[in-house]
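Colleague: After the C-alpha cells below, expect a handful of questions from me.
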Protein chains: 2
Amino acid sequence: MTEIAAITGSIPRAARIIDVLTKAPDGLSLAQIVAESDFSKTTVFRVLANLQDVGYVFQDLESRQYRLGQKLARISQTACRTDIAAISKRGMQRLAALTEDTVFLSIPEGAAAICISRATGAFPIRTLTLNVGDTRPLGVGAGALALYCSMSRKERETIQRINKNWMADYGVSEAELAADYAVFQKTAYAANFGRIVAGTSAISVPVITGKGRLVAAIAIGAIDARMTPERINTVLIPAMWQEATLLAQRIDEMEQG
Amino acid sequence: MTEIAAITGSIPRAARIIDVLTKAPDGLSLAQIVAESDFSKTTVFRVLANLQDVGYVFQDLESRQYRLGQKLARISQTACRTDIAAISKRGMQRLAALTEDTVFLSIPEGAAAICISRATGAFPIRTLTLNVGDTRPLGVGAGALALYCSMSRKERETIQRINKNWMADYGVSEAELAADYAVFQKTAYAANFGRIVAGTSAISVPVITGKGRLVAAIAIGAIDARMTPERINTVLIPAMWQEATLLAQRIDEMEQG
DNA sequence: TCTATATGTTCCGTTTATCGGAATGTTTTG
DNA sequence: CAAAACATTCCGATAAACGGAACATATAGA
C-alpha cells in the first residue's frame, strides 16, 4: 500500500531539484526543471533562488540555464575522504571479466548500504539488480547482508531497530535475517537466492581493512542457473576474496600515505 | 550598513549545517553542530532529519555523530565536469616557486568569480587576499577583473546589472570598472593596485581554450613593492601567459579524450 | 550498581516562510 | 512586428518551520 507521498518541505524539494540538475550537467531552463520535478513554477523558482544564495546553483549568463555550482563540488570532496569507487574500479572489472557476471560494490552508511560501483561481465543475460547510488537496508540483498553480518552484535541490533519498517518493505522478517546470519557464519559469505528478484541470485563477501574496519562488500549477481554450489565455491568465492583482500590493502595504503 | 541578517528559511539553514559538517569529515554530534551553527537544538535536529531523508547526511551507528553522505559525493562529481583545480595544480606551484608570490586561480560562475585554487611562494610576506572557495563579483579584484574583461559586451552589461549592489559593497563604481576595462584592452592583463587591500597589488591573465571558451583566470598577488612595472612585464606576465596557455591546452585535451 | 549530568528526541502552540494561481515583465520565434 | 513561450513578481491562504519545554536515553562518576 505505497501511498504516493507528495514531496513536502523545502529541503526535500531542493534535493529533488538538485537531483534533476545532476542529470543535466550542461544546465536546464526553469521550464525544464518544472517539467522534470512536478513542482509549480513559483516553487521551483523560489527554491532555485535559495540554492543560488547558498552557492549550490548558478545561472548561466547568456542561456539563463541553471547549473550546479562549485560549492557543491567542494563539499563532496570532504564527503568522500577516500574514493573507494575509483580505487576499486580495476578489481571490479577483473572480477566481471573473469566471472562474466555482474559485480557490485556496496558500502555501509548508517543503517543503509549504498551501491557505489558496478561492473558488468560478458554473459548475455545481465543481472542489474542495483544501480549505482541505490540504497538498501543493511541485511537485504547479498551485499547489504555481507555488511550486516560483518558488524558487531550491538550494531546489528541497532540496525534492526532502525530498519524495521524499511526491511518490511522488502518482505524480510527478522527470523529470515537471523537465518541468513547463521549461514554467513558457516560459509563466510552472504547469499541471496532469488529473494529480491526471482530468478536471480547473488553472493557477497565483505572488505575489511587490516585494522578490522568494515569498508565495503563485493557482490556478484547472476541468474540462478549460473549460481551452482560448485561454481560458487571453486570459482566465484576465491576470486572475490582475492579482490577483497587487494582492495582492503589499497585502502589501507591510501589512508596512511 | 551591514545589517546582521539572521539566516532564515530551511534551505539556507541546511546549507549552513552542511558547511559545518564539511569542516569536520569525521562527524559531529548534534550538540557540536548546534554550537557551530547558532540554531536551536530543535531546528538542527529537524534539518538533519530532512537531510538524512534525502541522503545528504547520515548518522554513525555507534557514535551517533552526523556525517556527510555519499549522495553529496555523487552530486559533486557532475558539478565539476573537468576538475580544473586538480589539472592546474602543478602549473600553479611552478608559478609560485618561480615568482615567490601568491598565485590564485579563479573561475567564472554566473556573475561571480570563485577562487578554486591557491599556491604560495617563498617570499616571507604572504598576500592571502582570497581563500579557496571565496567569491567576488566579476570585475572586482585582479582575477575577477581579467574574467570580466574577457567577456562579451552583452555579458559585461548583464554582469553590471546583476552585481550592482554587490560591487557597491566593495566600493567599485561603474566608472572605475570601465577604466579598468580600458587598461586591460591595452595591456592584455588585469591589474588591481591596492584597491581591495591597501598595500597589496595583483595582476591577472585569462585562461581561454582553443575554442575561445573562457575557463579561468590566473592571478598573482604581492605587496606593492614587488609589483614594479619592470618585474610585471619581464617576469610575471610572460610566466603567467605561458602557464595559462598550458592550462588551456590541458583542459582542451581533457574535454575531448 | 546507582546517581547525576550531559546529550539526544519528541511535543505543541505560535509564528512565519512557503505555497500556487494569477498578473506582469522579458525574451525568443515565426 | 506580432505572438508565443518563458521568466519573474505579487498576494492571500495555508501548511510547514520555529523554539521552548518536557521527556528519553546515554555517559560519567561515586
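The values are calculated or read from the model by the stated rules, or taken from the named source; none is laboratory data. For clarity, every value in this text was computed on a predicted model and none was experimentally measured. Glycine also receives a Cβ, built like all others from the backbone with ideal geometry; neighbour counts cover every protein chain displayed. For accessibility, only protein heavy atoms count, side chains too; no ligands or nucleic acids. Shrake-Rupley method; radii C 1.70, N 1.55, O 1.52, S 1.80 Å.
Colleague: Kindly list, by first and then second residue, each pair from a residue in the stretch A:171-196 that is within 14 Å of residue A:219 (Cβ to Cβ) and not assigned by TED's automatic domain parsing to the domain that holds residue A:234 to a residue that is at pLDDT below 95 and surrounded by 13 or more Cβ atoms within 10 Å (Cβ to Cβ), limited to pairs with Cβ atoms under 7 Å and residues at least 6 apart or on different chains.
Modeller: Listed by first residue and then by second, the contacts come to nothing, as the list is empty.
Colleague: Here's something else I'd like to know. Which of the helices (runs of 4 or more DSSP H) found entirely inside the stretch A:152-219 contain at least 2 residues meeting this: within 19 Å of residue A:115 (Cβ to Cβ), under 18 Å from the mean Cα position of the chain (by Cα) and among the hydrophobic types (A, V, I, L, M, F, W, C)?
Modeller: Values: elements: A:153-162, A:164-169, A:174-187.
Counting at least 2 such residues, we get A:164-169.
Colleague: Consider residue A:34 against the criteria (1) modelled with pLDDT under 95; (2) within 16 Å of DNA strand D (Cβ to nearest atom); (3) among the hydrophobic types (A, V, I, L, M, F, W, C): it satisfies all of them except one. Which criterion is unmet?
Modeller: Going through the list (1) modelled with pLDDT under 95; (2) within 16 Å of DNA strand D (Cβ to nearest atom); (3) among the hydrophobic types (A, V, I, L, M, F, W, C), residue A:34 breaks only (1).
Colleague: Considering only the stretch A:220-241, state which residues are under 21 Å from residue A:85 (Cβ atoms), part of a helix (DSSP H, G or I) and touching a helix residue (DSSP H, G or I) at 6+ places or on another chain (Cβ under 9 Å). Before you say what the answer is, go through the steps one by one.
Modeller: Keep residues of the stretch A:220-241 that are under 21 Å from residue A:85 (Cβ atoms), which gives A:220-221, A:239-241.
From what is left, the residues that are part of a helix (DSSP H, G or I) are A:239-241.
Scanning the stretch A:220-241 gives A:239, A:240.
Colleague: For the stretch B:201-245, enumerate the residues that are open to solvent by 30 Å² or more (accessible area, probe 1.4 Å) and closer than 14 Å to residue B:101 by Cβ.
Modeller: B:223, B:224, B:225, B:226, B:228, B:231, B:235
Colleague: May I ask you to say which residue of B:65, B:52 is within 30 Å of residue A:111 (Cβ to Cβ), among the polar types (S, T, N, Q) and open to solvent by less than 60 Å² (accessible area, probe 1.4 Å)? Give the derivation first.
Modeller: Working: B:52 fails: open to solvent by less than 60 Å² (accessible area, probe 1.4 Å).
Criteria check complete, one pass: B:65.
Colleague: Something else: Here are some conditions: (1) within 7 Å of another protein chain (Cβ to nearest Cβ); (2) buried (at least 16 other Cβ atoms within 10 Å of the Cβ). Residue B:37 meets all but one. Which one does it not meet?
Modeller: Just one mismatch for residue B:37, condition (1).
Colleague: In the stretch B:24-50, what residues are near DNA strand C (Cβ under 7 Å from one of its atoms) and of a type in the set (Ser, Thr, Tyr)?
Modeller: Selection gives B:29, B:42.
Colleague: Show the residue pairs meeting these rules: Cβ distance below 6 Å; 6+ apart or different chains; first residue within the stretch B:64-89 and facing chain A (nearest Cβ under 8 Å); second residue of a type in the set (Ser, Thr, Tyr).
Modeller: Close Cβ pairs (under 6 Å, with a partner that is of a type in the set (Ser, Thr, Tyr)) amount to B:69/B:56; B:71/B:56; B:72/A:76; B:72/B:56; B:73/A:76; B:75/A:22; B:76/A:76; B:78/A:22.
Colleague: Residues to consider are B:105, B:28, B:48, B:95; find the one that is more than 8 Å from chain A (Cβ to nearest Cβ), over 25 Å from the mean Cα position of the chain (by Cα) and more than 11 Å from DNA strand D (Cβ to nearest atom).
Modeller: Details: B:105 fails: over 25 Å from the mean Cα position of the chain (by Cα); B:48 fails: more than 11 Å from DNA strand D (Cβ to nearest atom); B:95 fails: over 25 Å from the mean Cα position of the chain (by Cα).
B:28 is the lone residue from the list that is more than 8 Å from chain A (Cβ to nearest Cβ), over 25 Å from the mean Cα position of the chain (by Cα) and more than 11 Å from DNA strand D (Cβ to nearest atom).
Colleague: Of all residues in the stretch A:149-162 being more than 11 Å from every other protein chain (Cβ to nearest Cβ) and open to solvent by less than 80 Å² (accessible area, probe 1.4 Å), which is modelled with the lowest pLDDT?
Modeller: Let us first name the residues in the stretch A:149-162 that are more than 11 Å from every other protein chain (Cβ to nearest Cβ), namely A:149-150, A:153, A:160.
Still in the list and also open to solvent by less than 80 Å² (accessible area, probe 1.4 Å): A:149-150, A:160.
On the way: A:149: 97, A:150: 96, A:160: 91.
Applying the filter and picking the extreme gives A:160.
Colleague: Residue A:142: surrounded by fewer than 22 Cβ atoms within 10 Å (Cβ to Cβ) and of a type outside the set (Phe, Trp, Tyr), yes or no?
Modeller: Spelling it out, it is not the case that residue A:142 is surrounded by fewer than 22 Cβ atoms within 10 Å (Cβ to Cβ) and of a type outside the set (Phe, Trp, Tyr).
Colleague: Let me ask you something else. Consider residue A:133 carefully, then state whether it is open to solvent by less than 20 Å² (accessible area, probe 1.4 Å), within 14 Å of chain B (Cβ to nearest Cβ) and at positive phi. Steps first, please.
Modeller: Working: open to solvent by less than 20 Å² (accessible area, probe 1.4 Å): no; within 14 Å of chain B (Cβ to nearest Cβ): yes; at positive phi: yes.
For residue A:133, the condition - open to solvent by less than 20 Å² (accessible area, probe 1.4 Å), within 14 Å of chain B (Cβ to nearest Cβ) and at positive phi - is not met.
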